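In what follows, a structure is listed as structure tokens, so that the remarks can point back to it.
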Amino acid sequence: MLKIHQLQKSYPIGDSSLHVLKGIDLNVEEGEMVAIMGSSGSGKSTLLNIIGMLDEADSGEYILDGLPIKDLTEKKAAVYRNKFLGFIFQSFNLINYKNAIENVALPLYYQGLKRKERQELAMFHLEKVGLANWAKHLPKELSGGQKQRVAIARALAANPKLLLADEPTGALDTKTSYEIMAFIQQLNDEGKTILMVTHEEDIANMCKRIVRLRDGVIMEDKKVNQVRAEQYV
Ligand code: ADP
Ligand code: MG
């Protein structure tokens, strides 16, 4: 699904630069559920953004679903992003003036689907996250957990191969976090490949593998016995 070899990334600061990723090697197979951990500033989001084609590495190899990701035009990158990847963020990143179903339908617009197809598919995914009755509500009328479920529905709408989540439970209370994790686990049970950044041990232990970053390198990469979230909700 995903092969990364000796990935490097620096950010310029003034005359010098900050070396954030110092040679990352990472392979992820289809169906995995991986937590990326590390202290604040260790480069977790940088790595996830490169994997998500929102940012580019300085050097190294990144192959996604057999496709080398390198020197793509903005347009090509956008096409691949829409086709392969779904994103969930800590702050949900919903569009405030669009209601739930419009938020979910948005990525389908970029896939060139007709309005009716977009509406039907968006509703199907809202039903899947248990929010059919909230389709016409604006983000400000939804709880944090509901907003994240809308974001998950949006991420899944275009049926991506890989779901990327940057601290998806970071803005939620514990119980709501576990509800969201139960949902994400269910998606993984159905075969979706998931890569999630978190700094919470309990959330990481709900994945199947933990990759720890420190000082720009992977210091540990281990399989874990997945703790099921549904027992806590
Ligand atoms: P994490 O997600 O693990 O907290 P990040 O990947 O966001 O870490 O950031 C890693 C380091 O790179 C931090 O020191 C951060 O300040 C710096 N950084 C991140 N993005 C940029 C950027 N666009 N420009 C300059 N520095 C950045
Ligand atoms: Mg981060």
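Within the stretch 93-122, the residues that satisfy the criterion of being over 11 Å from residue 158 (Cα atoms), crowded, with 21+ Cβ neighbours inside 10 Å and hydrophobic (A, V, I, L, M, F, W, C) are 94, 100, 101. Being open to solvent by 70 Å² or more (accessible area, probe 1.4 Å) and touching a Lys or Arg at 6+ places or on another chain (Cβ under 9 Å) is the requirement here; does residue 90 meet it? So residue 90 does not fit the description; no. In this structure, residue 14 does not satisfy being open to solvent by 30 Å² or more (accessible area, probe 1.4 Å) and within 16 Å of ligand 2 (Cβ to nearest atom).
Of the residues making up the stretch 147-196, those that are open to solvent by 30 Å² or more (accessible area, probe 1.4 Å) and touching a strand residue (DSSP E or B) at 6+ places or on another chain (Cβ under 7 Å) are 161, 192. When every residue of the stretch 55-73 is checked against the conditions, at least one turns out to be touching a residue at least 24 places away in the same chain (Cβ under 8 Å), in contact with a strand residue (DSSP E or B) (Cβ under 8 Å, 6 or more places away or on another chain) and β-branched (Val, Ile, Thr). Filtered by the rule that a residue be open to solvent by 50 Å² or more (accessible area, probe 1.4 Å) and either at pLDDT 95 or above or over 16 Å from the mean Cα position of the chain (by Cα) (or both), the stretch 46-58 gives 56, 58. For the stretch 59-69, residues that are of a type outside the set (Phe, Trp, Tyr) and crowded, with 17+ Cβ neighbours inside 10 Å total 3. Among the criteria (1) within 16 Å of ligand 1 (Cβ to nearest atom); (2) open to solvent by 30 Å² or more (accessible area, probe 1.4 Å); (3) under 18 Å from the mean Cα position of the chain (by Cα), the one residue 36 does not fulfil is (2).
For the stretch 17-33, filtered to residues that are open to solvent by 30 Å² or more (accessible area, probe 1.4 Å) and farther than 26 Å from residue 181 by Cα, the residue that is farthest from ligand 1 (Cβ to nearest atom) is 25. Quick one: is residue 204 open to solvent by less than 40 Å² (accessible area, probe 1.4 Å) and within 26 Å of residue 83 (Cα to Cα)? When the stated conditions are applied, residue 204 does not pass them. Selection of first residues in the stretch 34-49 that are of a type in the set (Val, Ile, Thr) and of second residues that are near ligand 1 (Cβ under 6 Å from one of its atoms), restricted to Cβ pairs under 6 Å at least 6 apart or on distinct chains, gives the following pairs, ordered by first then second residue: 36/44; 46/20. Considering the conditions (1) surrounded by 17 or more Cβ atoms within 10 Å (Cβ to Cβ); (2) among the polar types (S, T, N, Q); (3) touching a residue at least 60 places away in the same chain (Cβ under 8 Å), residue 226 is excluded by exactly one of them, (1).
The values are calculated or read from the model by the stated rules, or taken from the named source; none is laboratory data. If you're wondering where the values come from, they're calculated on a predicted model, not measured in any experiment. Heads up, the Cβs are rebuilt from the backbone with ideal geometry, glycines too, and the neighbour counts pull from every protein chain shown. The accessibility values were calculated without ligands, DNA or RNA, using every heavy atom of the protein model including side chains. Shrake-Rupley method; radii C 1.70, N 1.55, O 1.52, S 1.80 Å.
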